[in-house]
Amino acid sequence: MFIKNIISVFCPCLLLVSSYAANAGQALQPSVQPVIDHSKAIPVTADSFICLENMLSVRGFFVGNLLGEIDDTVAVAMQAEGGFYPPGSIVQLVPTEAMIKHHKGWSEQTNDWEFFELKVSKKGSKIKVRGTTEVKNKFGGNCYECHKKAEPQWDFICEDNHGCDPLPVPGFLIRWAQKNDPRCDVSQPNY
Ligand code: HEC
């Protein structure tokens, strides 16, 4: 019952917030398709996404590295002055949304980040939407339009004080989503 109540509060709240953000973004800038250099892509499949508990927690969000360079990713995440994430970095706040860094030159407009909207269940992850400036979460919020507002030294990472529009979702609901990742029931390796 508690879980049902939480979900019924959480979803409409995100819906309102995110559609406002999406509309604001569209008003500011017409959608322009960025140039993608596919030769700089890091292969990403549904299996690239794992239970958040098997990633490394940094100040309330989670990081990994698909190329095995986790130390480089953590070093940037821990930098007090910000910094540019290395290729292969994967960053998540909640189970259903992720950012992955491709090699330099993949997409200049997004600092080589690709945005993902995922579907997660006990069976694992499915990629629902992926891309750059056009990806929206299931509530209509455009990832790029929000995350590009982070001050340049933070490389599109918002946290709660980097210049992005805030997520007016109470922290306890985000933490609830983090602790209830259904994929954690499946035994998976760490990165
Ligand atoms: C309303 C604006 C908004 C939208 C839309 C949005 N985000 Fe965010 N996102 C934020 C903010 C603000 C935070 C930081 C929240 C905190 O730490 O309290 C955040 C956190 C994150 C993080 C953790 C790292 C960080 O930046 O702090 C990831 C990864 C992320 N979002 C990915 C996505 C993806 C992928 C999408 C689209 C599918 C998306 N976001 C849509 C504003 C947004």
Restricting to the range 82-113, give me the number of residues that are buried (at least 22 other Cβ atoms within 10 Å of the Cβ) and acidic (Asp, Glu). 1
Please go through the range 62-83 and give me each residue that is under 14 Å from His162 (Cα atoms), under 18 Å from the mean Cα position of the chain (by Cα) and not aliphatic (A, V, I, L, M), ordered by number. Gly82, Gly83
If I filter the range 150-174 down to residues being in a helix (DSSP H, G or I) and within 10 Å of the ligand (Cβ to nearest atom), which single residue comes out as surrounded by the fewest Cβ atoms within 10 Å (Cβ to Cβ)? Gly171
In the set Asn180, Asn142, the lone residue that is polar (S, T, N, Q) and more than 21 Å from Gly64 (Cα to Cα) is Asn142
Output the residue which, of all residues in the range 52-73 that are out of contact with any Cys (no Cβ under 6 Å at 6 or more places or on another chain) and in a helix (DSSP H, G or I), is nearest to Phe172 (Cα to Cα). Leu52
Identify all residues within the range 121-136 that are surrounded by 19 or more Cβ atoms within 10 Å (Cβ to Cβ) and at pLDDT 95 or above; write none if there are none. Ser125, Thr132, Thr133, Val135
State the number of residues belonging to the range 32-59 that are hydrophobic (A, V, I, L, M, F, W, C) and within 16 Å of the chain's Cα centre (by Cα). 9
Taking the condition surrounded by 19 or more Cβ atoms within 10 Å (Cβ to Cβ) and of a type outside the set (Lys, Arg), does Asn180 pass? no
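The values are calculated or read from the model by the stated rules, or taken from the named source; none is laboratory data. Remember, it's a predicted structure, so these values are computed and weren't measured experimentally. Reconstructed Cβ throughout: ideal geometry from the backbone, glycine too, with neighbour counts over all protein chains shown.
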